[in-house]
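The values are calculated or read from the model by the stated rules, or taken from the named source; none is laboratory data. Bear in mind the structure is a predicted one, so any value in this text is a computation, not a measurement. Cβ placement follows ideal geometry from the backbone for every residue including glycine, while neighbour counts extend to all protein chains displayed. Each accessible area value is taken on the protein alone, full model and side chains, heavy atoms only, with ligands, DNA and RNA left out. Shrake-Rupley method; radii C 1.70, N 1.55, O 1.52, S 1.80 Å.
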Amino acid sequence: PAIVQPYRDLIEQARQIGVDAAYRPWLAPELLDEWVAADWEAKRSMLAERREEVLDPDVAAVLATGLEADPDDPDLVIHAALLALARIDRAALAFDALPDPDRIPTLLADLARAGDSAALEPMTRLLLQLQLPDPIRAAVWFHRAIALALESQPQDALSAVQEARRLDSRQGG
């Protein structure tokens, strides 16, 4: 009975709230795995074609649980940041920046000038998980400092500036 009961509960939920709504929490881990495993173009397509599914709170909950268990997992950090950007309709920033890393400092500077910490913070969080040349990585850290300062996190902002200067002494000076 203990093994069968969750399935009975699921059937009852399906009757009450509909099949799609009842199964969504059960399918969220599979959808997240599919999205994480996809290449960047497929991720972009999934966000365009299955936006509501990918941005579903159940998917976010699965991702949050994974991050709670392993907050330094680069795949989870990248996808949490990408979801944050998608929620504010700014995921294209990441997809457009990745093919040409030399554009990243200019893109981040534009976001900082606009005071757009809602996009700047997740964008820098995502970019710091990637393998980038030190000068670009330093620019990302510098702009992360700006995002953290805009979000009233001065100590974290200071640490980010110090990391930027360690990578490139021209940053933050």
In the range 1-100 the accessible area split gives carbon plus sulfur, as whole percent at 1.4 Å, a share of 54
Using the heavy atoms of the protein chains and a 1.4 angstrom probe, tell me the accessible area per residue for the chain in square angstrom. 57
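Can you tally the net charge around Asp56? Count Lys and Arg as +1, Asp and Glu as -1, for every other residue whose Cβ sits under 15 Å from the Cβ of Asp56.
-4
What helices does the chain hold that run 15 Å or longer along their axis, going by alpha-carbon atoms, with a Kyte-Doolittle average of -0.5 or more, using DSSP H for the helix calls?
19-37, 57-69, 74-87, 134-150
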For the range 1-155, what are the per-bin percents of Cα-Cα distances with bins 10 Å wide, up to the bin holding the maximum? 10, 35, 30, 15, 8, 3, 0
Given a cut-off of under 8 Å on Cα pairs at least six residues apart, what relative contact order in percent is computed for the range 93-142? 39
Helix-derived [θ] at 222 nm for the chain: sum -39500 (n - 2.57) over DSSP H runs of at least 4, divide by residue count, nearest 500? -23500 deg cm²/dmol
For the chain, what's the relative contact order in percent, using C-alpha pairs closer than 8 Å and at least 6 residues apart? 14
Could you work out which residue, out of Gln129, Gln162, Gln13, moves most in a Gaussian network model of the chain, that is, has the largest mean-square fluctuation with Cα springs under 10 Å? Gln13
Simple spin-label estimate for Asp89 and Asp33 in nanometres, 7 Å along Cα-Cβ: 3.4
What is the Cα coordinate range of the range 105-170 on the first, second and third principal axes, sorted by size from largest, in whole angstrom? 25, 23, 20
With Ala91 itself left out, Lys, Arg at +1 and Asp, Glu at -1 over residues whose Cβ is under 12 Å from its Cβ give +3
Total charge dipole magnitude, the chain, about the Cα centre, Cβ charges on Lys, Arg, Asp, Glu only, Debye to nearest 20: 500
In terms of the charge dipole of the chain, which places +1 on Lys and Arg and -1 on Asp and Glu at the beta carbon, the residue among Gln155, Ile88, Tyr7 farthest towards the positive end is Gln155
